[in-house]
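Inspection log for the structure reproduced underneath, given as structure tokens.
Only the coordinates and a few stated rules stand behind these numbers; no lab work does. These numbers were taken from a predicted model, which means no experiment stands behind them. Don't worry about glycine lacking a Cβ; one is built from the backbone with ideal geometry, like all the others, and counts go over all protein chains shown.
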Amino acid sequence: MNANNRRAALFGCHFAAWRAQTNQPPVSLPARMRPLDRHSAAGLFAAHTRSAEDVLTRGAAMRVLARVDGRPAAVLGRPHAREFERTSALRGRTPRGCSCQGCAAVAVHDHLFGVDSPEVLEHGPPTIAFDSEQMITEVTTRVTAKVTPEQAGRVLADADPRNWKHAAPDFFTASDPGTYREGRWTTQPWPGDTGGLLRETVRWNWNAEDTVAVDNVLRIEDFQSSSARISYTYRLHTCLQSRFLVVWDSGGLDVDEGHYQAVYDATSETLRIEASKSVRFTAPSNGPFELALSLNLMGPATVSMLLDKLVDVRQLGPSTSPEGAA
Ligand SMILES: [Zn+2]
């Protein structure tokens, strides 16, 4: 499965989950921006999933779809779905960690496909707030998982904003420290250890046709990192450019802020992560005004997908360890 299809299928599932839980009127999106419906997304996963990244993404999609209609196995396709049902029935009698429908589905999926995923003990439902006056989407989430000290070390390293590009390469093509003066970006280490500016380029897909992207400078503040914890806040310093309609154009969002905190307790071997993210899109300078409206109507799905990726403790297999990352 190529990265466009993978991102499009995952986004389709997040969009379906958001539509199922909101009481907002149905949104009417331009054809080219329309996300895959959940059946098409499921079809892509069922037909094409091969690589380690595909398997991780499909598990994440199952967790999201479990919130929609409780039939997450639809993304597996036969005969995996039958095997999934059999294994689920067996495991139902020996619950491990959180037993909600999403966690149960992911645990069985990962067991079937050889992903050694940590036991999730507890998590909140992701809270999605969409302020239709301000057009701001805010998502908050938390998760507590049982992980070894070595796994905790990797999660804490991946959570450093400078390592987002290693931790989630499907979404982040850049996440570099540096300076921004008189309209010029220079990549260089932060002067101190409490944060600094970060240039991030994030891409995602509404559907399999176009990859969309934003290129931002964020200010990372209150950065604290030790062997057992990492925490920081971030907010938009400036949006350099965005690519929503084929070409890069200046502007694209004017709110992008939140916080991240992960704390590891070595005695109980539990890792607790909390994160939040707020975003508001604007029309790029040469884009139509309606574009911002459509972007914000999809905001809850976009923001929950990105935040989900940053708190996903399943990406701990050897293939996704941040080798060479600082
Ligand atoms: Zn759960």
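Some observations on this one:
- Sequence of Leu291, Leu198 once ranked by neighbouring C-beta atoms within 10 Å, starting from the fewest: Leu291, Leu198
- As a rough footprinting exposure proxy, the listed residues Val27, Val75, Val155, Val303 were ranked by other beta carbons within 10 Å of their own, and the order from fewest upward is Val27, Val155, Val303, Val75.
- For His48, His109, the sequence from fewest to most other C-beta atoms within 10 Å is His48, His109.
- Trypsin sites (Lys or Arg not before Pro) restricted to DSSP loop in the stretch 16-71 with at most 13 other C-beta within 10 Å: Arg50
- Each other residue within a Cβ distance under 15 Å of Asp69 adds +1 if Lys or Arg and -1 if Asp or Glu, for a net charge of +4.
- When each of the peptides 248-254, 140-146 is scored by the mean number of other C-beta atoms lying within 10 Å of its residues, the order from highest to lowest reads 140-146, 248-254.
- Cα gyration tensor shape for the stretch 203-326, rounded if a/c is under 1.5, else prolate or oblate: prolate
- Charge tally in the Cβ shell below 12 Å around Pro79, where Lys, Arg are +1 and Asp, Glu are -1, Pro79 excluded: +1
- Of all segments of the chain bounded by GluC sites (Glu not before Pro) found in a DSSP loop with no more than 12 other C-beta atoms within 10 Å, the longest spans 1-132.
- Applying 1/(1 + (r/R0)^6) with R0 = 56 Å to the Cβ-Cβ distance of His111 and Glu290 gives a FRET efficiency near 0.75.
- Label zone of Thr148 (point 7 Å out along Cα→Cβ, amide N under 17 Å): in the stretch 250-293 this covers 265-271.
- Proximal charge balance of Arg50 [Cβ under 14 Å; K/R count +1, D/E count -1]: 0
- Estimated inter-spin distance, Val247 and Asp265, nm [label 7 Å along Cα→Cβ]: 5.6 nm
- Counting only Cβ charges, +1 for Lys and Arg and -1 for Asp and Glu, the dipole size of the stretch 122-320 around its Cα centre is about 360 debye.
- Each label point was placed 7 Å from the Cα along the Cα-to-Cβ direction; for Glu119 and Ser132 their separation is 4.4 nm.
- Prolate/oblate/rounded call for the chain, Cα gyration tensor, a/c under 1.5 rounded: oblate
- Taking all Cα pairs closer than 8 Å and separated by 6 or more residues, the relative contact order of the stretch 122-320 comes to 21 percent.
- Rounded, prolate or oblate (a/c below 1.5 giving rounded, otherwise prolate when a/b exceeds b/c) for the stretch 178-269 by Cα gyration tensor: oblate
- Here is the short version for the chain: Cys13, Cys100, Cys239 have no other Cys C-beta closer than 4.7 Å.
- Computed extension gain for Thr186 through Glu221, at 0.36 nm per residue and net of the alpha carbon distance, reaches 10.7 nm.
- Per-pair calculated FRET efficiency, R0 = 30 Å: Thr233 and Asp69 via Cβ, rounded to 0.05: 0.25
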